[in-house]
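I have placed the structure first, in the form of C-alpha cells, so that the comments after it can refer back to it.
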Amino acid sequence: MKEKITESVSYIRKFYQDTPRIGVVLGSGLGVFQERVENPVVLSYTDIPHFTTSTATGHAGKLVFGQVQGQNVMVMSGRFHYYEGYSLQDVVYPIRVMGEMGVKILMVTNAAGGVNKAFQVGDLMVIEDHINMIGSSPLVGREALDFGQRFIDMSTTYTPHLRELAKSVGKKHNLELREGVYVATHGPNYETPAEIRMMRVMGADAVGMSTAPEAIAARQLGMEILGISCITNMAAGVTDQPLSEEEVFDTANKTKMVFMNLFEGIIAEIS
C-alpha cells in the first residue's frame, strides 16, 4: 500500500508541486465547490496510478488542486463508496494520498437523510460524531504503521475547534447550522422506516452511505477533521414521500450557494 501511494503521489507531483494544507471531500451534488478553487490543476482519477473509478451519479472523479482564500487545497470532486463494490481500503485510498501530500485538515461533506424530526430539507449539519454501521473499518487487516497506530482513539474524531469555527462562520452568513450525529450505512438501498426508528433511538440525527471510513483513516493519520452534512431529504418514515436520488440532487443544487459560501468562509478563517 505504501508503495502504491508513493507512486500515486509521484504522478501528482508532475503536475502540482505545492503542499496542500487542506483536503476537501465533496459529496453527492456538492461537487460545484471545485469552481471556487483558484489556479486549478485538475487530474482525472482514471489517470492517477492505483486510483479506482468513481461510478456514483454526481461524482466527477477528479482531483482539483489550487487555492481557496489563499490556502492550498486538494479537493476530491467525487468519492468512492463501499456500495460501489470497492473495498474500504479503496474507499480511503485518496485520504492516505492526501496525508502523503501533506494535508493536515480534512473537510468532508455528504448528502444525508434527516433522521432528527426537527431537521428540514436543506439544513446543513456539522457532524459532532458518527456511528459506523457499514459493518467494517478501513483499518482491518495487517497493521500498517506507515499510516499510524492500529488502535486509534475516536473520542474527538471531529475536531471541536473546527466545529465551533464552522458555527461561527455560519452566524456571519445568517445561517444557523444544525449539529448532530451521522450514521454511516453501506447502502446502496435506502433505510427502512424501522431502521430509521432504531437509529433515532441510538441518538442519530442524519444518515448516509459515506464519510465514516474517510474520517477513520484521517484520524489514524492525525488529521484534524470537519464534517458537514447537507440534509437533502428526510429519512424513510419521517414523511410519506418515497425516497429518490432525484430529490437528493435537487436539494443539493438549491443549497449549493449557501454551502459554497460557508465552506469558503471556513477556509478563510482557518489559521
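Note on region 1-48: Cα Rg divided by 2.2 N^0.38 Å, N the number of residues, gives 1.30. Angle of helix 245-254 to the longest C-alpha principal axis of the chain, folded into 0 to 90 degrees and rounded to 10: 80°. Considering only alpha-carbon pairs that sit under 8 angstrom and 6 or more positions apart, the relative contact order computed for the chain is 25 percent. For the residue pairs 14/171; 62/167; 62/117; 14/254; 2/171, the C-alpha atoms sit more than 32 angstrom apart in 14/171; 62/117; 14/254; 2/171. For region 250-271 versus region 101-125, the inter-centroid distance based on Cα atoms is 11 Å. Look at the alpha carbon pairs under 8 Å that are at least 6 residues apart: their mean separation over the length of region 17-153 gives a relative contact order of 29 percent.
Start at zero, step by 10 Å, and the Cα-Cα distances of region 70-137 spread as 14, 40, 36, 10, 0 percent across the bins.
Put in line by how crowded their Cβ is, counting other Cβ atoms within 10 Å and starting with the fewest, 19, 109, 156, 255 read 19, 156, 255, 109.
Comparing 65, 33, 15 in a Gaussian network model of the chain, where Cα atoms under 10 Å apart are tied by springs, the biggest mean-square fluctuation is seen for 15. From least to most packed, judged by other beta carbons within 10 angstrom and beginning with the fewest, 179, 35, 128 follow the order 35, 179, 128.
Throughout, read-outs are computed from the coordinates displayed, never taken from laboratory work. The shown structure was predicted, so the numbers you read here are calculated from the model rather than taken from an experiment. Cβ: placed from backbone, ideal geometry, glycine included. Neighbour counts: every protein chain shown.
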